[in-house]
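Colleague: The following block contains the structure, expressed as structure tokens.
We did not get these values from a lab; they are worked out from the coordinates using the rules stated. Just so we're clear, the structure is a prediction, and the values are computed from it rather than from any experiment. Positions of Cβ are backbone-derived with ideal geometry, glycine not excepted, and every protein chain shown enters the neighbour counts.
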Amino acid sequence: MTDHSPALLPTLKNYFGFDSFRGQQGSIIESLLKGEDCLVIMPTGGGKSICYQLPALLMEQTTLVISPLIALMKDQVDGLRANGIAAAFFNSSQSQAEQRLLLENAGTPELKLLYVAPESLSALSTVLDETHISCIAIDEAHCISSWGHDFRPSYQQLGFLKKSLPGIPIIALTATADKATRQDIVEQLNIPGAAQFLSSFDRKNIALEVRPGHNRISQIIQFIEQRPGQSGIMYCLSRKSTEKLAEKLQQRGISAQAYHAGLDFVQRTKIQENFIRDKTQVICATIAFGMGIDKSNVRWVVHYNMPKNIEGYYQEIGRSGRDGLEAHALLFHSYSDIIQLRKFTEGATNKELQLAKLERMKQFAEATDCRRKILLGYFGELLSDNCGNCDVCKNPPEIIDGTVMAQKILSAIARVKESEAMGTVIDVLRGAQNAAVLDKNYQNLKTYGIGKDISWHDWQHYVVQLINQGYCEIAFHQHNALKLTDFSKKVLFENWTVQFTHPSFVKEKMEVAQEK
Ligand code: ADP
Ligand code: ZN
């Protein structure tokens, strides 16, 4: 990838100080310079910014950067200016004179990058044309999709950009988007032909671990005391628990501070700075903490509570080990958290979707397969070998040959035309006689009743494992229907073997988790 773009290397070196491109950066930049629309999916810390910042320097007019995080724009712009790059942000807090100057500079070498929140775009209408703008970068592009985990209504208007400026290339970037969300992003932005760049999501250096959530506090204290001086972030659901936890840790002599959106701006900035400068070892935070924090030596992330979904979880643990050195992600799994999280979805416009994503998170926590396989599978990436760096790999459960059961499940999914959720698929396998089955004449299918001998719950255990291993997937936007994947075919037609854990393994684990 590096040899793709030697002509770009001097610019990379002069302005950013790097000797080579990382991952697909070079190809992405070349594609953009050719005028192609691009969709870039790269994990947090992967190096997305350079993908539009470097081409901005080589293009004649101004690159517009749309970003939802006004608070971070200033940092980004300061960083760019320190590297001698003409960058600025535009927002409503600026004086009219300041804004006018920015508009005058648009399209000139005085302004290579202009950052703006989607809400402020309309104020730029006079410069939104090809004489002023050479490229549009849309950061955190998953915010446009209600299938993503961080939908923002202000992003929905962005579809007009391609319509009114068809000649200007758009680069959409995000760290978290499952398949359906990716599709939705390119559709809504009107860039269906965008070149897609999917980087590997694998962060091998982060050890993954899930533990039952009883006696969390003493487990955490032990965890931290085993890692003297190592920076870490502890994510909690509520503001109150961040404070309670920070206090408990302080009592043990651990340097810890709470961080949440209820603190004022000055306090928050101070806490962040202390953490970045290694003056505070541990931050107990709500998910308000971490976005855009560029601290490379965070050695661990603990989820005191379950996150709402896998996207959020992956993004949060991704804040550790950005320097590539060993890091540890520990998730506590408890049923009371799940109940609490279910309550949070009440009244949400996309409640069904949120519940389905939460269910997926729960399945991850209960999983008996290599956790990295599950995570990567969730983002559409198949890991052929177990990772060796998660708790399941290190302490593997007993394995049984699941090939025949997998074939039965997958052919049942195929026979119901990939239109049914897990419950009905299992009903078909078990030959159930309920309305969901009989109304659609599923009793006439070849697979009907071929799995009578196995209990409903055991089937459920196997189907979840198939999903976890990437052999089928849940279409959240189609009533959670089970869909086949490219890997299903390998099981159905190429005799791939599938391994399952015995259902009793999970039961034992759950019993441990529930006793308090
Ligand atoms: P993202 O936006 O994907 O989270 P950033 O663009 O903030 O990631 O980059 C993450 C870190 O990687 C930054 O510290 C950046 O300076 C560094 N980085 C980016 N590209 C390169 C590269 N080609 N070589 C070395 N470091 C890089
Ligand atoms: Zn593993």
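Colleague: I need the per residue convex hull volume for region 1-139, using only the alpha carbons, in cubic angstrom as a whole number.
Modeller: Details: hull volume 15.1 nm³, N = 139.
Enclosed volume per residue, from the Cα hull, is 109 Å³.
Colleague: Now a separate question. Could you please rank I310, I287, placing first whichever residue has the fewest other Cβ atoms within 10 Å of its Cβ? Don't skip to the end; give the middle numbers.
Modeller: Details: I310 21, I287 17.
So the ranking, lowest neighbour count to highest, is I287, I310.
Colleague: Separate question: When we measure straight from the Cα of K446, which lysines land under 26 angstrom away, once same-chain ones fewer than 8 places off are left out?
Modeller: Cross-link targets: K408, K417, K483, K489, K490.
Colleague: A further question on this structure: Count neighbours as other Cβ atoms within 10 Å of each site's Cβ, and list the GluC sites (Glu not before Pro) in region 1-99 that are DSSP loop with at most 11 such neighbours. Intermediate results must be reported in sequence, preceding the final value.
Modeller: Working: sites: E30, E36, E60, E98; in loops: E36, E60.
Within region 1-99, the qualifying GluC sites (Glu not before Pro) (loop, at most 11 other Cβ atoms within 10 Å) are E60.
Colleague: Let me ask something additional. Report, as a whole number in µm² per second, the diffusion coefficient that Stokes-Einstein gives for region 167-245 at 4 °C and 1.567 mPa s using the Kirkwood radius over alpha carbon pairs.
Modeller: Details: Rh = 17.2 Å.
Stokes-Einstein gives a translational diffusion coefficient of 75 µm²/s.
Colleague: Within region 308-350, what residues put their amide N at less than 18 Å from the label point 7 Å along the Cα-to-Cβ vector of R252?
Modeller: Only 328-333 pass the distance filter.
Colleague: Based on alpha-carbon centroids, what's the gap between region 196-236 and region 263-339 in Å, whole number please?
Modeller: Result: 9 Å between the Cα centres.
Colleague: Would you please put 102-114, 387-399 in order of how densely packed they are, using the mean number of other Cβ atoms within 10 angstrom per residue and starting with the highest?
Modeller: On the way: 102-114: 18.8, 387-399: 15.4.
Sorting 102-114, 387-399 by mean packing, highest first, produces 102-114, 387-399.
Colleague: Okay, moving on. Counting only other residues whose beta carbon sits under 15 Å from that of K440, what net charge do I get with K and R as +1, D and E as -1? Present the calculation step by step, with values, prior to reporting the outcome.
Modeller: Working: positive: R415, K417, K446; negative: E418, E420, D427, D439.
Combined, the nearby Lys, Arg, Asp and Glu give -1.
Colleague: Still on this structure: Mind counting lysine pairs for me in region 222-346? Cα separation below 13 Å, and the two need to be 8 or more apart along the chain or on different chains.
Modeller: Going through region 222-346 pair by pair, I get 4.
Colleague: Moving on. Beta carbons within 10 angstrom, averaged per residue: use that to sort the peptides 412-421, 160-169, highest first.
Modeller: 412-421, 160-169
Colleague: Here's a follow-up. Can you tell me what share of the DSSP beta bridges in the chain is antiparallel? A percent to the nearest 5 is fine. Don't jump to the answer; show the numbers that get you there.
Modeller: Details: 7 of 55 bridges.
Of all bridge pairs located within the chain, approximately 15 percent are antiparallel.
Colleague: For T126 and A7, FRET efficiency with R0 = 45 Å and r from the beta-carbon atoms, rounded to 0.05? Mind showing how you got there, number by number?
Modeller: On the way: r = 34 Å, r/R0 = 0.76.
Step by step, r from the Cβ atoms, then E = 0.85.
Colleague: Quick one: which residues, 5 or more positions from A137 or on another chain, have an amide H under 5 Å from its amide H? H modelled 1.01 Å from N in the peptide plane, none for Pro or chain starts.
Modeller: HN-HN under 5 Å from A137: L64, V65, I66, I171.
Colleague: Quick check: net charge around L355, other residues with Cβ under 13 Å of its Cβ, Lys/Arg +1 and Asp/Glu -1? Present the calculation step by step, with values, prior to reporting the outcome.
Modeller: Details: positive: K308, R342, K343, K351, K357, R360, K362; negative: E346, E352, E359.
Spelling it out: positives minus negatives among the neighbours equals +4.
Colleague: I've got another one for you. Calculate I(q)/I(0) for the chain by the Debye formula, one identical point scatterer on each C-alpha and no solvent, and give its log10 at q = 0.07, 0.10, 0.11, 0.13 Å⁻¹ to two decimals.
Modeller: With one equal scatterer per Cα and no solvent, log10 I(q)/I(0) is -0.43, -0.87, -1.03, -1.33.
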